[in-house]
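Down below is the structure, laid out as structure tokens.
Every number in this text was worked out from the coordinates using simple rules, so none of it is lab data. A quick note: this is a predicted structure, and the numbers were derived from the prediction, not measured. A quick note on method: Cβ atoms are made from the backbone with ideal geometry, for glycine too, and the neighbour counts reach across all protein chains shown.
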There are 2 protein chains.
Amino acid sequence: MPDFSIGVDLGGTNLRIAAVNREGQLLEKVTLEANAARGPDLVIDDMCNAIHRVNAQYRRDGKFLGAGIGIPGIIDLDAGMVRKSANLPTFSGYPVRAEIERRLGARVYLDNDANFAALGEKWMGAGRSVANMAILTLGTGIGGGIVLNEKIFHGMNGMAGEFGHVPIDWDGPPCGCGSHGCAEQYASATAVMRLAREAIAGGRAPALAKAAVSGAEFNAAAVFKLSMAGDEQAQEIYRKFGRALGFLLAGLLNSLNLDMFVIGGGVSSAWDAFAPAMFEELRTRSLVYAATDPARGGTGKMTIIAKAELGGDAGLYGAARVPLVMLGG
Amino acid sequence: MPDFSIGVDLGGTNLRIAAVNREGQLLEKVTLEANAARGPDLVIDDMCNAIHRVNAQYRRDGKFLGAGIGIPGIIDLDAGMVRKSANLPTFSGYPVRAEIERRLGARVYLDNDANFAALGEKWMGAGRSVANMAILTLGTGIGGGIVLNEKIFHGMNGMAGEFGHVPIDWDGPPCGCGSHGCAEQYASATAVMRLAREAIAGGRAPALAKAAVSGAEFNAAAVFKLSMAGDEQAQEIYRKFGRALGFLLAGLLNSLNLDMFVIGGGVSSAWDAFAPAMFEELRTRSLVYAATDPARGGTGKMTIIAKAELGGDAGLYGAARVPLVMLGG
């Protein structure tokens, strides 16, 4: 009897729902508009209706074990509530878990979306073969999650994995968190666009300047394309990006000596542009990485820095995984 | 029957041995000269003879369960060998664990000294009441260890906790690890002395200059004394130290959201001189610390930054703890 669970990825814009079975097969995926500004009641209505429809199909063959709901922001795990979410401000203080449990009549696990992405990559993605890993999701900012012994490591307040706010520069640009010089100011889509704007303003980036006014969307992917086409200024932007990411990873690797760091999120598709500088910085900065490098007399059993494999679905796999483990017996 | 175990702290200079019982009582402590340059055979002879003498006393009342041996450096946990130790270079490649086990006829656990210090503070020191914590030992460099769920977290190669080599500055002083700008170049005894020398060379630190030629030992403790006596230059040195430590802790706290970070090692006795700047930097730089601060609307359940309580004995407690847990039933 192929039991299954539901993974949900709830963002400010999209609401995505997947049914996943115990073997990690994604049985079905539904994408809805979240329209989060409507407030939690209506969003959760849509979510639960869609889950009911999906379940109706698969309940003939197997048992529905429960759902995992991934939300960007700070989650109060004990209360099953959103403490703070920039993308879902109306959800703060609303009893999210209790409401969804009531409507589904099933167990629900609420967690941060990056934590679920970490667990998803661990289960069915790049981290399949390792025990301890972390993910860094490169998007507007940098999200993060840690999986130790196949379980999400939450820390004291459920806030472990805020890698985007590791300081990497004393006097860097201000960050939304109140600090400045945070890693996500250097290795995110926002950082790429800041560097591009600076290069254009400096009058030394004709190709970037042209792309910015071309009418086509000017974003991190556009800068990546220019970089791969050989534009030196675009390449320099992703070299800086890669160095910053390597600097961040060196600190994390020296601190944690994990089996693997997975690099995910939308901007990870620019891997070819930033990875060489990232690895160079990491090799220079991490004695743990260096000490285990077979090319330098190490054992060869060294931390792997891998590109994520599940793309935007990582969080769905991870969210669906928790009920399977917790309730699957 | 009060069973007991032996904890050993083996450094380049001192060899310290303690008998500890299950309740965490330190029954006896022996300090010998290590004379590590003699090579491992003679050092281990002395160690095992001393352990035999201690055991003879306590064996009447209880069972000797085994020994933990803490060594500064990179330990191969599987092999029970020292991979690399700046203070004990002659130990590299020597079968340390097997030799001690043979001579004692008991189980022996080899580990990094800072890992044992973390476990010791967890068991009987500052971390008694928490589940997940890390220690930063401030000495010549910065050592570190992580304890999760009451067990040492080793990482992939036993090298987790190298907090001293987290990079905190892009263009800082070179570090023995091959990188530059590592945290221990800013918050260690070595860093205090570098800053003191720089201040003296700049001609703007008369009190430090006087102390340096006074005949009394001029070290981090001497700079601390001047700081507490009101010397502005000495105070500035420890303010820089505190800011660097706060910067490092902010990254670790945002990454791990542990229950507690314990600050130990010889230079932690300068706490009063560096702690104010450390906390100021941490509050500015860590959104996790800020988000949980009751003074800023947080829950009040926030990471504790605590001074170590066991001093130089932390490693002895931790080393003795492992046989008690692993073999004590």
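Values computed for the structure shown
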read-out: Qualifying lysines (Cα of each under 23 Å from Cα of A:LYS84; at least 8 residues distant if same chain); value: B:LYS301
read-out: Label point 7 Å beyond Cα along the C-beta direction, distances from B:ALA37 to other copies (nm, shortest first); value: 7.6
read-out: Order of B:ASP61, A:ASP171, B:ASP46 under a 10 Å beta carbon neighbour criterion, fewest first; value: A:ASP171, B:ASP61, B:ASP46
read-out: Least to most buried among B:GLU33, A:GLU281 (fewest other Cβ within 10 Å first); value: B:GLU33, A:GLU281
read-out: Local electrostatic count at A:ALA207 - Lys and Arg +1, Asp and Glu -1, tallied over other residues with Cβ under 11 Å; value: +1
read-out: Residues with amide H under 5 Å from that of A:MET156, placed H, sequence gap 5 or more; value: B:LEU258, B:ASP259
read-out: Set of lysines near A:LYS307 by C-alpha distance (under 17 Å), chain-local residues within fewer than 8 positions excluded; value: A:LYS122
read-out: Rounded to whole Hz, the Karplus (6.51, -1.76, 1.60) HN-Hα couplings of segment B:102-117, x for glycine and proline; value: 4, 6, 8, x, 8, 6, 10, 10, 9, 7, 5, 4, 6, 4, 5, 4
read-out: Trypsin sites (Lys or Arg not before Pro) within segment A:233-321, DSSP loop, no more than 16 other Cβ atoms inside 10 Å; value: A:LYS301
read-out: Within chain B: Cβ-based charge dipole about Cα centre, in debye rounded to nearest 20 (Lys, Arg +1; Asp, Glu -1); value: 280 debye
read-out: Formal net charge of residues neighbouring A:ALA86 (Cβ-Cβ distance under 14 Å; K, R +1; D, E -1); value: -1
read-out: Residue-by-residue Karplus 3J(HN,Hα) for segment B:243-250, coefficients 6.51, -1.76, 1.60, Hz, glycine and proline x; value: 4, 5, 5, x, 4, 4, 4, 4
read-out: For the protein assembly as shown, with +1 on Lys and Arg beta carbons and -1 on Asp and Glu, the positive-most of B:LEU10, B:LEU287, A:THR284 along the dipole; value: B:LEU10
read-out: Backbone HN-Hα couplings from phi across segment A:145-152 [Karplus 6.51/-1.76/1.60, Hz, Gly and Pro as x]; value: x, 10, 10, 10, 6, 6, 10, 4
read-out: Within-15-Å neighbourhood charge of B:ASN157 [Cβ basis; K, R +1; D, E -1]; value: -2
read-out: For B:ALA131, label point 7 Å along C-beta direction: distances to other copies, nm; value: 1.9
read-out: Percent antiparallel among DSSP beta bridges (both partners in segment A:129-309, rounded to 5); value: 55 percent
read-out: Whether segment A:1-154 is rounded, prolate or oblate, judged on the alpha carbon gyration tensor where a/c under 1.5 counts as rounded; value: oblate
read-out: Cα gyration tensor, segment A:129-309 - rounded (a/c under 1.5), prolate or oblate; value: prolate
read-out: Simple Cβ-charge dipole of segment B:128-309, Lys/Arg +1 and Asp/Glu -1, about Cα centre, in debye nearest 20; value: 160 debye
read-out: Fluctuation leader among B:SER129, B:SER286, B:SER268 - chain B, Gaussian network, Cα springs under 10 angstrom; value: B:SER129
read-out: Inter-chain shielding of A:167-179 (mean C-beta neighbours from other protein chains, 10 Å cut-off); value: 4
read-out: Long-range HN-HN contacts of B:LYS84 with modeled amide H, under 5 Å; value: B:ILE74
read-out: Counting DSSP beta bridges with both ends in chain A, the antiparallel % (nearest 5); value: 55 percent
read-out: Peptides A:185-192, B:248-255, A:100-107 ordered by average Cβ neighbours within 10 Å, highest first; value: B:248-255, A:185-192, A:100-107
read-out: Candidates B:THR303, B:THR292, B:THR137, ranked by Gaussian network fluctuation over chain B, Cα under 10 Å, top entry; value: B:THR292
read-out: Within chain B, helix-based [θ] at 222 nm, where runs of 4 or more DSSP H residues each add -39,500 (n - 2.57), nearest 500; value: -12500 deg cm²/dmol
read-out: For B:287-299, mean number of other protein chain Cβ atoms within 10 Å; value: 4
